[in-house]
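The values are calculated or read from the model by the stated rules, or taken from the named source; none is laboratory data. It should be emphasised that the depicted structure is a prediction, and the values quoted were computed from it without experimental measurement. FYI the Cβ positions are ideal-geometry reconstructions off the backbone, even for glycines, and counts take in every protein chain you see. The protein model used for the area step is the full one, side chains on, heavy atoms only, and it has no ligands, DNA or RNA in it. Shrake-Rupley method; radii C 1.70, N 1.55, O 1.52, S 1.80 Å.
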Amino acid sequence: QVDLVESGGGSVQAGDSLRLSCESSGPSISMYCMAWFRQYPGKDREFVAAISWTGSYYTDSVKGRFTLSRNTGKNTVYLQMNSLKPEDTAVYFCAARPGDINYRSANYDSWGQGIQVTVSS
């Protein structure tokens, strides 16, 4: 397991942008699959996006709007969120797992504390 710290959330208007950051205290993030999940009230965490050595993957609802990137020197992954919609309002969690991309939250063993993103219409 590694420690993950998220930052960059907040409240914005529809159409605005936010960038979430996830800094890892563990070994190089290039060795991990780094992912973002989000959780709506009363719902399970759902996959948003992930990046590993095989590439980047996004859930359909964010394709073309969200972009993952990583800075291995800072051991940090970023989720650039553009054209935000009210339905993007959720708590966003950074997660890490050794190995390749996985879409199931149960297969990640390291989690950040979660960060609120609120998009108003």
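Would you work out which of Phe66, Phe47, Ser30 lies farthest towards the positive end of the dipole of the chain? Charges go on Cβ: Lys and Arg +1, Asp and Glu -1.
Toward the positive end, the furthest listed residue is Phe66.
With a bin width of 10 angstrom, please list the P(r) values of the chain as percents of all Cα-Cα pairs, from the 0 bin to the one holding the largest distance.
Reading upward from the zero bin: 15, 51, 30, 5, 0.
Show which lysines lie in cross-link reach of Lys43 when reach means a straight Cα distance below 25 angstrom and same-chain residues fewer than eight apart are skipped.
Within the straight-line limit of under 25 Å, Lys43 reaches these lysines: Lys63, Lys85.
By a straight-distance test (C-alpha under 12 Å), which aspartates and glutamates pair with Lys74 as possible cross-link partners, with residues fewer than eight away in the same chain excluded?
Glu23
Rounded to the nearest percent, how much of the accessible area of the range 1-84 (1.4 Å probe, protein heavy atoms only) is carbon and sulfur?
Details: 1820 of 4160 Å².
The value for the range 1-84 is 44 percent carbon and sulfur by accessible area.
Which whole-number percent is the relative contact order of the range 46-121 (Cα, under 8 Å, 6+ apart)?
Rounded, it is 29 percent for the range 46-121.
Just to be sure I understand: with springs between alpha-carbon atoms less than 10 Å apart, which residue in Gln39, Gln13, Gln80 has the highest mean-square fluctuation in the Gaussian network model of the chain?
Between Gln39, Gln13, Gln80, it is Gln13 that shows the largest mean-square fluctuation.
Quick one: compute a quarter of the convex hull surface over the Cα atoms of the range 82-121 and quote it in nm². Each step should come with its number before you reach the end.
Working: hull surface 14.5 nm².
Reported value for the Cα convex hull: 3.6 nm².
Leaving out ligands and nucleic acids, and using a 1.4 Å probe, what accessible area per residue does the range 1-110 come to in Å²?
Details: 5320 Å² over 110 residues.
Spelled out: the 1.4 Å probe surface of the range 1-110, per residue, equals 48 Å².
Translational diffusion coefficient, Stokes-Einstein: compute it for the range 1-46 using the Kirkwood radius over C-alpha pairs as Rh, at 20 °C and 1.002 mPa s, and state it as an integer in µm² s⁻¹.
Working: Rh = 12.9 Å.
D = 166 µm²/s.
No other cysteine beta carbon under 4.7 Å away is the test; run it over the chain and list who passes.
Cysteines lacking a close Cβ partner in the chain: Cys33.
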